[in-house]
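Below: the structure, in structure tokens.
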Amino acid sequence: MTIAFITHRDCLLHDMGAHHPECPERLSAIQDRLIAAGLDIYLSFHDAPLAEREQLLRVHPASYIDYIEQSAPQHGIHHLDPDTAMSPGTLKAALRAAGAGVLATDLVMRREVPAAFCAVRPPGHHAERARAMGFCFFNNIAIAARHATDVWGLKRVAIIDFDVHHGNGTEDIFSHDERVLMVSIFQHPFYPYSGTDNPAPNMLNVPVKAGTRGDGFRAIVTEQWLPRLFEFAPEMIFISAGFDAHYEDDMASLGLVESDYAWVTERLCEVAKHSAQGRIVSMLEGGYALSALARSVTAHIKALAEL
């Protein structure tokens with residue numbers, strides 16, 4: 001079946017400096033691999049719109065949005081922290097990334113497509129309510145999920161985060177929000193050194209040790225994630241799709257491969273069919289080994305499209 005693929009060339013303009021792992025080539029590698037695999041015929045391509053201020057305000061306070069806008073440089077690179085920097089193209093890229101999730105939610109809710117994948121950067125799951133960090137400025141997945149609850153009126157949505165780093169920003173935004181169940185894995189101890197200190201009841205955080213491979217990951221999904229997801233019965237599923245737990249990605253020390261990402265996507269599709277009319281929005285987070293990233297996204301999209 002055909003699913004939506006949402007991106008924008010503005011996302012290539014965000015530049016945090018030479019040799020930074022969160023680089024524009026990430027998106028080019030993904031699109032090249034999808035075409036080489038012949039998947040483009042199963043995708044409906046959409047340009048990501050700029051997120052509107054009202055959409056950002058559902059997640060971030062006005063003072064923080066103003067801070068990000070005022071921090072955007074006219075020339076050069078401006079660091080917000082040692083890992084997270086803005087170039088002249090960053091603000092527009094960040095607004096496109098946030099807007100992609102909103103458009104994806106609308107497309108899926110209007111039944112134009114059963115699922116959508118947003119190939120955007122910068123990523124978002126480390127962005128807290130009022131703090132940019134971990135390469136992230138606006139929390140793209142949170143903005144999309146709040147659009148589903150506040151505009152479309154959904155009462156229960158689930159966020160699944162399989163990035164190798166804990167989605168501290170998403171947890172900060174949705175902690176104790178009974179409309180949202182977040183389930184995640186992340187390498188621990190590891191950046192951002194969070195997710196294990198008394199999480200709220202709506203947070204199922206599963207830290208894993210360095211060296212964990214696919215069998216350990218699949219056991220967590222089967223024994224912990226799926227029972228909670230089926231019990232919660234989400235009306236829509238959102239995926240923070242980071243692919244930096246791949247064994248080729250030297251940003252971390254886990255050992256997943258493409259078949260693991262395909263497998264977990266298939267399991268999430270089963271949950272979506274059970275309670276969410278199949279509705280899934282997936283958004284790119286991490287993944288920095290370009291070949292592994294492109295192969296993993298391809299496997300993920302094939303599973304979303306049931307190919």
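Of all residues in the range 213-225, those satisfying the criterion of being of a type outside the set (A, V, I, L, M, F, W, C) and either loosely packed, with under 14 Cβ neighbours inside 10 Å or in contact (Cβ under 8 Å) with a residue 60 or more places away in the chain (or both) are Asp215, Thr222, Glu223.
Within the range 10-56, if we keep just the residues that are out of contact with any helix residue (DSSP H, G or I) (no Cβ under 9 Å at 6 or more places or on another chain) and in a helix (DSSP H, G or I), the residue that is surrounded by the fewest Cβ atoms within 10 Å (Cβ to Cβ) turns out to be Ile41. Scanning the range 275-306 for residues being in contact with a Leu (Cβ under 7 Å, 6 or more places away or on another chain) and within 16 Å of Asp250 (Cα to Cα) gives a total of 1. Restricting attention to the range 249-298, the residues being in contact with a Ser or Thr (Cβ under 7 Å, 6 or more places away or on another chain) and at negative phi number 7. Tell me, yes or no, whether the range 21-31 has at least one residue that is farther than 23 Å from Tyr288 by Cβ and aliphatic (A, V, I, L, M). No, the range 21-31 has no match at all. Of all residues in the range 197-212, those that are under 30 Å from Val257 (Cβ atoms) have Cβ atoms under 8 Å from Cβ atoms of residues that are among the basic types (Lys, Arg) and surrounded by 12 or more Cβ atoms within 10 Å (Cβ to Cβ), 6 or more apart or on another chain, in Leu204/Arg228.
When the residues of the range 269-284 are filtered to those that are crowded, with 23+ Cβ neighbours inside 10 Å and touching a Phe, Trp or Tyr at 6+ places or on another chain (Cβ under 9 Å), the one that is nearest to Ile141 (Cα to Cα) is Met283. Here Thr149 fulfils each of the conditions (1) closer than 18 Å to Ile6 by Cα; (2) part of a helix (DSSP H, G or I) apart from (1). Filtered by the rule that a residue be buried (at least 24 other Cβ atoms within 10 Å of the Cβ), under 20 Å from Ala48 (Cβ atoms) and among the aromatic types (Phe, Trp, Tyr), the range 136-177 gives Phe137, Phe138.
Residues in the range 226-248 that are more than 21 Å from Pro114 (Cα to Cα) and surrounded by fewer than 24 Cβ atoms within 10 Å (Cβ to Cβ): 5 in all.
When Arg111 is tested against (1) touching a residue at least 24 places away in the same chain (Cβ under 8 Å); (2) of a type in the set (D, E, K, R); (3) assigned to a loop (DSSP other than H, G, I, E, B), exactly one condition is not met: (1). A single member of Arg129, Arg218, Arg179, Arg146 is in contact with a strand residue (DSSP E or B) (Cβ under 8 Å, 6 or more places away or on another chain), at pLDDT 95 or above and not hydroxyl-bearing (Ser, Thr, Tyr), and it is Arg179.
The helices (runs of 4 or more DSSP H) found wholly in the range 193-307 and carrying at least 1 residues that are closer than 30 Å to Glu178 by Cβ and basic (Lys, Arg) occupy 214-220, 226-232, 258-275.
Selection of the range 86-101 for residues being aliphatic (A, V, I, L, M) and surrounded by 24 or more Cβ atoms within 10 Å (Cβ to Cβ) yields Met86, Ala93, Ala94, Leu95, Ala97, Ala98, Ala100. Of everything in the range 85-94 that is in contact (Cβ under 8 Å) with a residue 60 or more places away in the chain and assigned to a helix (DSSP H, G or I), the residue that is nearest to His20 (Cα to Cα) is Thr90.
The values are calculated or read from the model by the stated rules, or taken from the named source; none is laboratory data. The structure presented is a predicted model; accordingly, all values stated were derived computationally and were not measured. Using ideal geometry, Cβ is built from the backbone for each residue, glycine included, and neighbour counts are taken over all protein chains shown.
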